[in-house]
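Q: After the structure tokens below, expect a handful of questions from me.
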Amino acid sequence: MRIATLSNASVVHTVRWVEWFRARGHEVEVWSVEPGPMALRARALPPLPFPGALRYPLAVPALRRGLLAFRPDVVDAHFVPNYGLMGALSGVRPLAVSPWGSDLLVTGVSNVLQAARARFVLGRADAVIADGENLAAAARRLGGGDRVHTVPWGVDVRAFRAAPARVPGLILSTRMHEAVYDLPTVLRGVRETLVESPEARLVIAGSGSLTAALERLARGILPAGRVEFVGRLSPAAMADWLGRAEVVVSASRSDSTSQSLLEAMASGAIPVVSDIEGNRPWVTDGEGARTFAPGDAAGLARALRAARGDPAWADRARRINRERIERDGDSGVNMERIERLFASLAPGRR
């Protein structure tokens, strides 16, 4: 198939998605306003000096010219407010739209105009791919109807697995530094463990608009020398950290199926995560994870203490989580489902 992927080229999810389809022998071209790694070979769209609400729609004429020249069998657009909108405005069909979570669960319901934008995009999609049932339900409410398909992206079970030696006391955060992931609660919740356990340390991967503020907060409330910001990691480096971590913490206030949760489960790092709708199909408190209420730093501290205080339970949780990922979260199996969906759309190409 000839697949035209519209997505943020700087995001690792885009890279993994495109690499998977290319490895299957499909001809995949990527269009992106944001620059990505050279190996992705993304076609640059004009980064016009306007706010995002205008920048993406104003790039549609250039995108449309590229799509008409490429003649894709399917247009594969990611994240509803920007590339989903561009795909819908281009008029090139068939169009598959993949929301990523916050675009429907947060942005899509924040005001009438943003909800209307989501309805416009989903109403013009030939297929909508949601990676969790809560996201699928939101897509149906916003006009996706029976064209919504629930398929977790999953993780590469060969790449994400436990390392030969786990590092005692290594607590890892892998979420981006944005408000929805609530890293201040992580910093406040981990403080007690860092004070009480000399071997414990917190490693914070990722980056974002709040990185500088988070670094200042960490310096102000955490013991010196016990927290490290390591920035964005390559997939291989992320797998290495996860394979060695004792615990992974996430205080996200909203998620569909969290890739970071699935990666932790596959790698044997015990999840200590917020009790939100997107996490519950995969883990519950006491079964594979320890959970806490969103925004509750004291609850996070208790959950972290419980996760680290019972080695026998932790070993069982690791086995349960790995088996669950191999059964339901194998990206090779799940991406084949998406591949078949794309193929079912291709015969109707105009």
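Q: Among the residues of segment 257-313, how many are among the charged types (D, E, K, R), touching a helix residue (DSSP H, G or I) at 6+ places or on another chain (Cβ under 6 Å) and in a strand (DSSP E or B)?
A: Matching residues across segment 257-313 total 1.
Q: Something else: Are there any pairs, at least 6 apart or on different chains, whose C-beta atoms fall under 8 Å, with the first in segment 190-209 and under 19 Å from Met238 (Cβ atoms) and the second part of a loop (DSSP other than H, G, I, E, B) and open to solvent by less than 10 Å² (accessible area, probe 1.4 Å), and if so, which?
A: Listed by first residue and then by second, the contacts come to Arg201/Gly169; Val203/Ala245; Gly206/His177; Ser207/His177; Gly208/His177.
Q: Just checking, how many residues over segment 104-128 are open to solvent by less than 20 Å² (accessible area, probe 1.4 Å), touching a helix residue (DSSP H, G or I) at 6+ places or on another chain (Cβ under 6 Å) and farther than 22 Å from Glu178 by Cβ?
A: Looking only at that region, the number is 3.
Q: Given the conditions (1) part of a helix (DSSP H, G or I); (2) more than 20 Å from Arg166 (Cβ to Cβ); (3) in contact (Cβ under 8 Å) with a residue 12 or more places away in the chain, and given that Ala213 satisfies all but one, which numbered condition is not satisfied?
A: (3)
Here's the yes/no breakdown for (1) assigned to a strand (DSSP E or B); (2) open to solvent by 20 Å² or more (accessible area, probe 1.4 Å):
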{"residue": "Arg166", "(1), (2)": "no, yes"}
{"residue": "Val190", "(1), (2)": "no, no"}
{"residue": "Val195", "(1), (2)": "no, yes"}
{"residue": "Pro198", "(1), (2)": "no, yes"}
{"residue": "Leu202", "(1), (2)": "yes, no"}
{"residue": "Ser207", "(1), (2)": "no, yes"}
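Q: In this structure, is Gly295 surrounded by fewer than 16 Cβ atoms within 10 Å (Cβ to Cβ) and either farther than 22 Å from Arg322 by Cα or touching a strand residue (DSSP E or B) at 6+ places or on another chain (Cβ under 8 Å) (or both)?
A: Judged against the criteria, Gly295 is a match.
Q: Right, next: Identify, by number, the condition in (1) surrounded by fewer than 21 Cβ atoms within 10 Å (Cβ to Cβ); (2) free of Cβ contacts under 8 Å to residues at least 40 places away in the same chain that Arg93 doesn't meet.
A: (2)
Q: A further question on this structure: Scan (1) closer than 20 Å to Gly278 by Cα; (2) in contact with a strand residue (DSSP E or B) (Cβ under 9 Å, 6 or more places away or on another chain); (3) assigned to a helix (DSSP H, G or I) for the single condition Val180 breaks and write down its number.
A: Checking Val180 against (1) closer than 20 Å to Gly278 by Cα; (2) in contact with a strand residue (DSSP E or B) (Cβ under 9 Å, 6 or more places away or on another chain); (3) assigned to a helix (DSSP H, G or I), the one that fails is (2).
Q: Please give the strands (runs of 3 or more DSSP E) falling wholly within segment 1-120 in which 2 or more residues are closer than 24 Å to Ser344 by Cβ and either among the aromatic types (Phe, Trp, Tyr) or touching an Asp or Glu at 6+ places or on another chain (Cβ under 7 Å) (or both).
A: Answer list for segment 1-120: 2-6, 95-98.
Q: Now a separate question. For a quick check of your reading of the model, give me the residue pairs whose first member lies in segment 64-85 and is free of Cβ contacts under 8 Å to residues at least 40 places away in the same chain, whose second is of a type in the set (Val, Ile, Thr) and open to solvent by less than 20 Å² (accessible area, probe 1.4 Å), with beta-carbon atoms closer than 6 Å and at least 6 apart or on different chains.
A: Note: pairs meeting the criteria are Leu85/Val121.
Q: Sticking with this one: Can you tell me how many residues within segment 129-148 are buried (at least 18 other Cβ atoms within 10 Å of the Cβ) and either assigned to a helix (DSSP H, G or I) or not aliphatic (A, V, I, L, M) (or both)?
A: 10
The values are calculated or read from the model by the stated rules, or taken from the named source; none is laboratory data. Only a predicted model underlies this, so the values are computations on that prediction, with no experimental measurement involved. Cβ atoms come from the backbone with ideal geometry, glycine included; neighbour counts cover every protein chain shown. Ligands, DNA and RNA are excluded from the accessible area calculation, which covers all protein heavy atoms including side chains. Shrake-Rupley method; radii C 1.70, N 1.55, O 1.52, S 1.80 Å.
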